[in-house]
1. Listed residues Q178, Q123, Q146, Q119; which is in a strand (DSSP E or B), out of contact with any strand residue (DSSP E or B) (no Cβ under 7 Å at 6 or more places or on another chain) and over 18 Å from N34 (Cβ atoms)?
2. Any idea which of (1) within 22 Å of R29 (Cβ to Cβ); (2) among the small types (G, A, S); (3) part of a loop (DSSP other than H, G, I, E, B) is the one A129 doesn't satisfy?
3. Can you tell me which residue among V72, V54, V10 is at pLDDT below 95, within 30 Å of D181 (Cα to Cα) and assigned to a helix (DSSP H, G or I)?
4. Go through the residues of the stretch 21-33 one by one and say whether even a single one is without any contact (Cβ under 8 Å) to a residue 12 or more places away in the chain, part of a loop (DSSP other than H, G, I, E, B) and surrounded by fewer than 14 Cβ atoms within 10 Å (Cβ to Cβ).
5. Which one of S91, S145 is modelled with pLDDT under 95, in contact with a Gly (Cβ under 9 Å, 6 or more places away or on another chain) and within 28 Å of V72 (Cα to Cα)?
6. If you check G44 against the conditions, is it surrounded by 15 or more Cβ atoms within 10 Å (Cβ to Cβ) and either touching a Ser or Thr at 6+ places or on another chain (Cβ under 6 Å) or under 20 Å from Y100 (Cα atoms) (or both)?
7. What's the total number of residues in the stretch 149-175 that are assigned to a loop (DSSP other than H, G, I, E, B), in contact (Cβ under 8 Å) with a residue 24 or more places away in the chain and surrounded by 14 or more Cβ atoms within 10 Å (Cβ to Cβ)?
8. Check T79 against each of (1) hydroxyl-bearing (S, T, Y); (2) assigned to a helix (DSSP H, G or I); (3) touching a strand residue (DSSP E or B) at 6+ places or on another chain (Cβ under 7 Å) and name the one condition it does not meet.
Amino acid sequence: MNTSAYWDQVFREKGLKDNIHKRQEVVSRIMNTNHIGARVLEVGCGVGVAASAVLTTLLGSMLYVGTDVSSVAVEAAKTRFMLNTFHTDMSFLPRIEGGYTRIWLFDVLEHIPYDERKQGYKQLREVMADNCVVLINAPWATNPSQHDPNFDFKWDLKDLQELVTVAGLEVIKIDVYQRFDHSYYWIEARKGA
């Protein structure tokens, strides 16, 4: 089974309930940063629940582009929430004039194979505007996985260092929070001018 087919299966089975237990925390943390007038790219948008909640709260006052490797998730985000989404992986990210001022990476980095990460990080660097804020939600590498190990890889602070170096970022904040028996990193970083 290839990557797209696996994630299509996950979204057919779980739909809106995938990651439901931490979604409130993620949306709350997004809202703690200014997104009014932002140009947002979400990598691994799933069915778009977090984006829909933020766009609704901000009365649509930000530009949003979402991507996902699952065509099922992309179609659900388009039809259910009318989001601007694309079926792609991190090796080809959609570009916009002026670049994105916000990048969202919520529960996606641990699903990118090790040998594809550096190229994905380079793609991020290419689509970011100066002073772009990058928001990351990632499970601790020690959390038990709920996914097939062929599509779920570890991502930890060593990987964060590679992302920061390749994408030209500076870490602003790292928080840790828990949901049930899982721990997560919430990371905020910024691209320099």
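The values are calculated or read from the model by the stated rules, or taken from the named source; none is laboratory data. Quick caveat, the model's predicted, so the values are computed rather than measured. Here the Cβ positions follow ideal geometry from the backbone for every residue, glycine too, while neighbour counts run over all protein chains shown.
1. Q178
2. Every condition holds for A129 apart from (3).
3. Step by step, each of V72, V54, V10 is checked, and only V10 is at pLDDT below 95, within 30 Å of D181 (Cα to Cα) and assigned to a helix (DSSP H, G or I).
4. yes
5. S91
6. yes
7. 6
8. Single failed check for T79: (3).
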